DNA sequence: CCTTTAGATTTACACGCGTAAATAAATTAT
DNA sequence: ATAATTTATTTACGCGTGTAAATCTAAAGG
């Protein structure tokens, strides 16, 4: 086995491959002939060599790092997406760098800042939305290729992929109206997420299309602790008996989870059918929505599609002989998940 | 404002500070005199300079990076801990690098591998536990300072900080036995998490201490989808009516969440008091356990203490003039959180 | 005031790899 | 087989910083 190989120079001499060729290989394994590739791979196996990460990236025109910024990793929804994206990035031969903004715009900016110093090939960003420091985001996206997902911010990044809230909320309203009381819409008065505004608008338009009167249940509260907000304001709402026998569509599953908890405490039975007091539905198909009591009827976002499209677009931009292209935007349709709560 | 400053050399000439001094400053701001520190900080502000990350780390004996590896970021419990630790690491002047093993031992090894190439000052590792490739972990921990948290693996790392399962489960068993039917213990037959074994043993010993007969409800299933396992095996259990009017202590909250969902579907009312069919308790104070229906009685681990201690021990090791010290282990006590389910 | 000393500067080299240009070797096409 | 083409090698320099040693400067102490 011999001594430990520490530099590419040493590795070149023991493997019998010249250093520049090795350098090419480590930048892109496909760029060398198959026979030499195999020889190199065997030598790597044998000597357990890997190039110095820092020296390697110092003079590269483009690193192989892709930043991945989500608004809040504590939210299992984003954790799931992040996982999916990480997987796709690794499969493409890049290495992901996961950062969470923990709900704070300062941290979002700080994350982009620390990413800048890492000179990433590109960044996949799910922005905080309304809370975001738009100017800083825009500045950043001019310096490094940026693709937005989940939430859109006008003029930031070269592409956006997200869910078609209009379609999905329309679908849900339609379903709820066909199967019982038409839904009221439960949301925060000043939501942080731009999707929330789209969903509100989609709800109103869907109701009007059906000739029904929209009714918004707007509650106070800020921050990202949606369950708590749903719970506390739900308790207040349910003291008022006018909302019994109602159908409530929540702007997202986390609000719905809090609301269901409040309904339970208020002695209201949630579910669809004659023997229940209340129907509650959500949006996002949160990992836990399957296990609420009762299980939550919701909308599943097509995050496989969003993830794949985001990453493939990113790679296209990185390889980019494209020059100045239009900012692409695409919305993917959601799927109705009928469970017990509505 | 002038042109953009790109190198430390340029920054040295415009700031009037010599390059070696700047280098010292960027390595440790406290290592230069206060007056020069202020001058440098003003210049940084003015010229928006920051050193090249890669060039900077290439020749440093120790980088300022600390790896942070958790078994599964999709689990909000670990997401929360990771967040806490990230915060502490940043506060200490280091930058965290968060990696998730997504429940897989291969990925755990891969994570450590990619950390190795980054030459971190240290690594905080919550190992998968039984599934872990112990040899690789041990090899790794010999190369880079490693502190374990959450789950212990014999002989790996220079310290371990976790929860005192014996104490916490004892506390819970005591509480449950005093207030109703003595608890049965619900768990996976072959759990992946080493804590699960400790909790099982703790349950048995706590029951025996009270002169009660331990009863284990061991269910099949593997992987990390605890809610699903709790749910499907819960359904089977509740078809059998012998478990009605029982008290069930779950090995962790996620199993409990699944189990409560199964109880709900089976028409069993969970809660403490005469009018309820079943009591269910968990362990961990999972972020969602507050919002289950009914809210879940559980044990809250002292993760503030665990986090702070893990990071401070890490820093001590990094600064380390310590030489060969004993492997430190410390368990922190859990707190009983009495809610509605038991 | 001089001495001591912590801290800054000057100088110079090292780090491990990227990359370019010229050349040589291997492969493929004719 | 020879020419054309692709791929690898040789050589050499550059990247932006860390760091060591010697020297100089300024603050602190008496």
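Readers should treat all values here as calculations from the given coordinates under stated rules, not as data from a laboratory. All values reported here derive from a predicted model rather than from experimental measurement. Here Cβ is always computed from backbone atoms with ideal geometry, including for glycine, and neighbour counts include all displayed protein chains.
At-a-glance table
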| item | result |
| --- | --- |
| Sequence ranges A:184-192, A:5-13, ranked by mean other-Cβ count within 10 angstrom, highest first | A:184-192, A:5-13 |
| Rounded tilt (10° steps) of A:76-91 against the dominant C-alpha axis of chain A | 30 degrees |
| Shielding of A:256-265 by partner chains, average beta-carbon count, 10 Å | 3 |
| Label-point separation in nm, residue B:240 to residue B:142, each point 7 Å along Cα→Cβ | 4.7 nm |
| Rounded, prolate or oblate (a/c below 1.5 giving rounded, otherwise prolate when a/b exceeds b/c) for the protein assembly as shown by Cα gyration tensor | oblate |
| Sum of -39500 (n - 2.57) over DSSP H runs of 4+, divided by residues of the protein assembly as shown (222 nm, nearest 500) | -14000 deg cm²/dmol |
| Candidates B:314, B:56, B:260, ranked by Gaussian network fluctuation over chain B, Cα under 10 Å, top entry | B:56 |
| Average beta-carbon neighbours from other chains, 10 Å sphere, peptide B:159-166 | 0 |
| Global geometry of region B:165-300, whether rounded, prolate or oblate, following the gyration tensor of its Cα atoms and the 1.5 cut on a/c | rounded |
| Per-residue mean of C-beta atoms belonging to partner chains within 10 Å, peptide A:53-60 | 6 |
| Cα gyration tensor, region A:8-58 - rounded (a/c under 1.5), prolate or oblate | oblate |
| Efficiency of FRET from Cβ geometry, residue A:87 and residue A:42, R₀ 25 Å, rounded to 0.05 | 0.35 |
| Potential lengthening between residue A:305 and residue A:23 on full extension [0.36 nm per residue; Cα-Cα distance subtracted] | 98.0 nm |
| Between helix A:303-319 and chain A: long-axis angle, C-alpha atoms, 0 to 90°, nearest 10 | 30 degrees |
| Cβ-Cβ FRET estimate between residue B:154 and residue A:212, R0 fixed at 56 Å, reported to 0.05 | 0.30 |
| Helix axis angle, B:105-116 relative to chain B longest principal axis, alpha carbon, degrees | 20 degrees |
| Protection-proxy order for peptides A:32-39, A:300-307, B:29-36, each taking the mean of Cβ atoms within 10 Å per residue, highest first | A:300-307, A:32-39, B:29-36 |
| Ordering of A:250-256, A:268-274 by packing [mean C-beta count within 10 Å, highest first] | A:250-256, A:268-274 |
